[in-house]
Amino acid sequence: MVETKEKLIAVRNLQKSYKGHKVLKNINLSVEKGSVFALLDSNGAGKTTTIKILSTLLNADSGSAVINGFNVMKEPEQVRGVISLTGQYAAVDEGLTGRENIRMIGKLRHLPQAIKKSDELLDAADRRFLKLYEACC
Ligand SMILES: Nc1ncnc2c1ncn2[C@@H]1O[C@H](COP(=O)(O)OP(=O)(O)OP(=O)(O)O)[C@@H](O)[C@H]1O
Ligand SMILES: [Mg+2]
């Protein structure tokens, strides 16, 4: 048996049906801390269903899933605090500038220090760009 405490993600016997149609049949997977993991399978195999369960957006019918030591079914709030999720399309607001998008994410995640740091870095990048522009044009 795999020790779940050492794993970043540990999924055991996950099952899910949609209206009697069994989509996940005893899914088992584990992801080591510090590794990169890709979930690949054919269309309709259940990848999105699995990700929705792991990100607390959908309840499994049975089985267990632990992320960074937190049980997805029993501790959804804690799980949401340690994960980030992006869909297959870039999760940026096209009506906002890059700087505004970063600020919005920082505000949503209550990270004032990160907003300050990103402003500093973007200001430095702007100054550098302006210098290069003045030198060449
Ligand atoms: N809300 C739903 N209600 C009913 N059936 C669903 C629902 N969501 C997904 N399914 C079905 O469950 C199966 C798995 O779907 P899922 O989206 O998890 O697969 P996927 O591996 O992400 O597919 P793709 O590669 O196309 O993104 C498919 O047969 C799909 O039609
Ligand atoms: Mg999918």
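The values are calculated or read from the model by the stated rules, or taken from the named source; none is laboratory data. Small disclaimer: the values here were computed from a predicted structure and weren't measured. Virtual Cβ from ideal backbone geometry, glycine too; neighbours counted across all protein chains shown. When the accessible area is computed, the model is the full protein with side chains, heavy atoms only, and any ligands, DNA or RNA have been set aside. Shrake-Rupley method; radii C 1.70, N 1.55, O 1.52, S 1.80 Å.
Counting only protein heavy atoms and a 1.4 Å probe, tell me what percentage of the stretch 1-85's accessible area is made up of carbon and sulfur. Don't jump to the answer; show the numbers that get you there.
Values: 2890 of 5670 Å².
Within the stretch 1-85, the accessible surface is 51 percent carbon and sulfur.
Run through the stretch 88-137 and list the GluC sites (Glu not before Pro) located in a DSSP loop whose Cβ has at most 16 other Cβ atoms within 10 Å.
Glu94
How are the alpha carbon pair distances in the chain distributed across 10 Å bins from zero to the largest one, expressed in percent?
With a bin width of 10 Å, the distribution comes to 10, 29, 26, 19, 10, 5, 1.
To the nearest Å, what is the center-to-center distance of the stretch 54-82 and the stretch 105-135, using C-alpha atoms only?
Computed from Cα coordinates, the inter-centre distance equals 34 Å.
How much accessible area per residue does the chain have, counting only protein heavy atoms and a probe of 1.4 Å, in square angstrom? Numbers along the way, then the final one.
On the way: 10410 Å² over 137 residues.
Result: 76 Å² of accessible area for each residue.
Please identify every one of the GluC sites (Glu not before Pro) in the stretch 1-73 that sits in a loop by DSSP and has no more than 14 other beta carbons within 10 Å of its own beta carbon. Before the final figure, lay out each step's value.
Numbers: sites: Glu3, Glu6, Glu32; in loops: Glu3.
Filter output for the stretch 1-73: Glu3.
Relative contact order of the stretch 1-85: what whole-number percent is it, with Cα pairs under 8 angstrom and at least 6 residues apart? Before the final figure, lay out each step's value.
Values: 134 pairs, mean separation 27.2, N = 85.
Reported as a whole number, the value is 32 percent.
Please return the longest stretch of the chain lacking exposed loop sites, where chymotrypsin sites (Phe, Trp or Tyr not before Pro) count only if DSSP places them in a loop and at most 14 other Cβ atoms lie within 10 Å.
Values: sites that count: Phe37, Tyr89.
Here the longest segment lacking exposed loop sites spans 38-88.
Enumerate by residue number the trypsin sites (Lys or Arg not before Pro) in the stretch 43-76 meeting two conditions: DSSP loop (anything except H, G, I, E, B), and at most 16 other Cβ atoms within 10 Å of the site's Cβ. Walk me through the numbers on the way to the answer.
On the way: sites: Lys47, Lys52, Lys74; in loops: Lys74.
In loop regions of the stretch 43-76 (DSSP not H, G, I, E or B), the sparsely surrounded trypsin sites (Lys or Arg not before Pro) are Lys74.
Long-range amide H contacts for Ser62: which residues qualify at under 5 Å (H placed 1.01 Å from N, peptide plane, sequence gap of 5 or more or a different chain)?
Under 5 Å from the amide H of Ser62 lie the amide H atoms of Gln15, each far enough along the sequence or on another chain.
Consider all pairwise Cα distances in the stretch 95-137 and report the whole-number % of them above 15 Å. Before the final figure, lay out each step's value.
Numbers: 452 of 903 pairs.
The calculated P(r) of the stretch 95-137 puts 50 percent of pairs beyond 15 Å.
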